[in-house]
1. Here's a check for you: in the stretch 100-114, which residue that is more than 14 Å from Gly57 (Cα to Cα) and exposed (fewer than 15 other Cβ atoms within 10 Å of the Cβ) is modelled with the lowest pLDDT?
2. Report, by residue number, each residue of the stretch 95-145 that is in contact with a strand residue (DSSP E or B) (Cβ under 7 Å, 6 or more places away or on another chain), under 19 Å from Trp247 (Cβ atoms) and not in a helix (DSSP H, G or I).
3. Quick check: anything in the stretch 154-166 part of a helix (DSSP H, G or I) and without any contact (Cβ under 8 Å) to a residue 60 or more places away in the chain?
4. Any idea which residue in the stretch 144-192 is farthest from Phe73 (Cα to Cα), counting only those that are surrounded by fewer than 18 Cβ atoms within 10 Å (Cβ to Cβ), among the hydroxyl-bearing types (Ser, Thr, Tyr) and out of contact with any Gly (no Cβ under 8 Å at 6 or more places or on another chain)?
5. In the stretch 191-216, how many are out of contact with any helix residue (DSSP H, G or I) (no Cβ under 6 Å at 6 or more places or on another chain) and part of a helix (DSSP H, G or I)?
6. Can you name every residue in the stretch 175-232 that is more than 23 Å from Pro91 (Cβ to Cβ), touching a residue at least 24 places away in the same chain (Cβ under 8 Å) and hydroxyl-bearing (Ser, Thr, Tyr)?
7. If you scan the stretch 89-100, which residues turn out to be touching a Leu at 6+ places or on another chain (Cβ under 9 Å) and either closer than 19 Å to Tyr214 by Cβ or of a type outside the set (A, V, I, L, M, F, W, C) (or both)?
8. Check the stretch 225-238 and report whether any residue there is at pLDDT 90 or above, within 17 Å of Val53 (Cα to Cα), in a helix (DSSP H, G or I) and not small (Gly, Ala, Ser).
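The values are calculated or read from the model by the stated rules, or taken from the named source; none is laboratory data. Everything quoted here is computed from the prediction, not taken from an experiment. With ideal geometry, Cβ positions are generated from the backbone for all residues, glycine too; neighbour counts draw on all protein chains shown.
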Amino acid sequence: MTTRFRILGWVVALGVIALLPLLPAPIGTPFHMELGIRIIILAILALSLQLLVGFTGLVSLGHAAFFAAAAYFVAVMAPQNGPASGWWLLPASVLCAAVLALLIGMLVLRTKGIYFIMVTLAFAQLVYFVLHDFPLFGGSDGTYIYFRPEFAIGSWLPLDLGDATHLYWFNVLMLGLTVLILSLVLRSRLGHALIGIKHNEQRMRAAGFRTDLYKLASFVIAGAFAGLAGFLYATQHGYVNPEMASWHQSANSLMMIILGGLGSLPGALIGAITFVLLSEWFQAITRQWQLLLGGFIILVVAVMPNGLVGGLASLRHGRARKSAAPAARGNTEEVSS
């Protein structure tokens, strides 16, 4: 029953997000659609990091490197005289991020704890300076993408990413696929092994598991989905810059999953939605909006150590215990009498 309610919750959540373009003003406006796409992209990035941090126990400050790598791959490979085919550009950009994650992962996974965090940060800064200093990538100014990729079948264009509504639903589809694939991964032998590694890696190694290979698999899968988010970002904005690979982007993604709740896919989605909406709201209130956002995150962590999802679950269980207490007392009185 719990699994059915969880699936129903995902269907309802994705359905509400998908129906945003059909809502009347003042909600279903182009601004809100662009905001919705931004939330979806950051939610995919947060979901990918959740696999690495929340389920494998590997805290990374270099996750934005894969996000930027895929976005820059789109910018470099997209022609300037016409649209590229999305049928090859999408998987190729995701593969680019996955290969980079494989190369970095084989090196950084030799370290543990605080050393792992610092080495991932160092590699991300290396990617940042490569994008920042090489003329091929546009230097500090970044580079533009003049035509969005096309998903054409012959002369038929079933998906026109130049249309705002099509672009929005395409992002919703990618979010749904991300949730589905990550859910299947976590239900598989690989997912159970990753959770076991997070709780007790030495015991998993003693049980015969090659924990280094499992962690590398988690690192590569997380990097691939970060690459998917990078492709969507480049497609939406038509512009990429080195700041996409900065540690600030990785830190923001980390704050999203902490805010929503570690070890929970819905937590990553809720964290991304809350983070983006609060950022927009606080920016409309004051120029020092980072202080308000930081204070809110500190408050949530202090009051709800398991994040928003964990806090809501504790509240629900508390109400269930309170409602069950009178019935238990009544049964005790009947037995005693």
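1. For the stretch 100-114, the residue satisfying everything is Arg110.
2. Across the stretch 95-145, the qualifying residue is only Gly142.
3. Of the stretch 154-166, the ones part of a helix (DSSP H, G or I) are 164-166.
Narrowing further to those that are without any contact (Cβ under 8 Å) to a residue 60 or more places away in the chain: 166.
Yes, the stretch 154-166 contains a residue that is part of a helix (DSSP H, G or I) and without any contact (Cβ under 8 Å) to a residue 60 or more places away in the chain.
4. Ser188
5. 10
6. Result: Tyr214, single match.
7. Filtering the stretch 89-100 down to residues touching a Leu at 6+ places or on another chain (Cβ under 9 Å) leaves 90, 93-94, 97.
Selection gives Ser93 alone.
8. Checking the stretch 225-238: at least one residue is at pLDDT 90 or above, within 17 Å of Val53 (Cα to Cα), in a helix (DSSP H, G or I) and not small (Gly, Ala, Ser).
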